[in-house]
Amino acid sequence: MSEKNFSSNEIQLVVFKLGREEYGIGILQVQEIKRMTDITRVPHTPEYIKGVMNLRGSVLPVIDLKKRLSLPPQDYTDDTRIIIVKVEDITVGMIVDAVSEVAAVDSDHIEPPQTVVGGIAADYLTGVGKAENRLLILLNVEAIIGIGIGADTVKAG
């Protein structure tokens, strides 16, 4: 594997798949990536919250990212992963179809989100990045996990 040099203008992203599209979230928000594990369903939670999981003694809410983004469901496979993200003091797991790589996108190559990209409301996006001959849909993790949204907020702890 070749070494990559990252310039100060580049943003490093964890790239993952949901269906046929590639998405990215800032690497600094990602704590770790885990294989699919047992998730305990919690009654009376929004449909997109799959349940909770135990991560080294801590109980974390787990979001089904496809349901949260209103994308068509797919069965879990051996490639399905849970990306553990931390924003402010909230740690949450997000289920994705597969994690591809860590990529760098020059901030000059990131376009602001349009009203709807691939059926996803612009509130959940930070932009669309152009990397090597492909487009990466950049997600707004704060909006997805509900920070500052009010009644729809995911509670930690």
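The values are calculated or read from the model by the stated rules, or taken from the named source; none is laboratory data. As the structure is a prediction and not an experimental result, all values here were calculated from the model. Positions of Cβ are backbone-derived with ideal geometry, glycine not excepted, and every protein chain shown enters the neighbour counts.
For this structure, a couple of remarks:
- Taking the conditions (1) farther than 15 Å from Q29 by Cβ; (2) modelled with pLDDT under 95 in turn, E88 satisfies each one other than (1).
- Only strands (runs of 3 or more DSSP E) whose full extent lies in segment 1-113 are considered here, and the ones with at least 2 residues that are surrounded by 11 or more Cβ atoms within 10 Å (Cβ to Cβ) and touching a Phe, Trp or Tyr at 6+ places or on another chain (Cβ under 9 Å) are 10-18, 21-26, 58-64, 81-87, 90-96, 98-106.
- Criterion violated by V14 - all others in (1) closer than 21 Å to N133 by Cβ; (2) among the β-branched types (V, I, T); (3) out of contact with any helix residue (DSSP H, G or I) (no Cβ under 7 Å at 6 or more places or on another chain); (4) modelled with pLDDT of 95 or more satisfied: (3)
- When segment 57-113 is filtered for residues that are of a type in the set (S, T, N, Q) and under 21 Å from I147 (Cα atoms), the ones remaining, listed by number, are S58, S70, T91.
- Against the criterion of being at pLDDT 95 or above and out of contact with any His (no Cβ under 9 Å at 6 or more places or on another chain), K50 qualifies.
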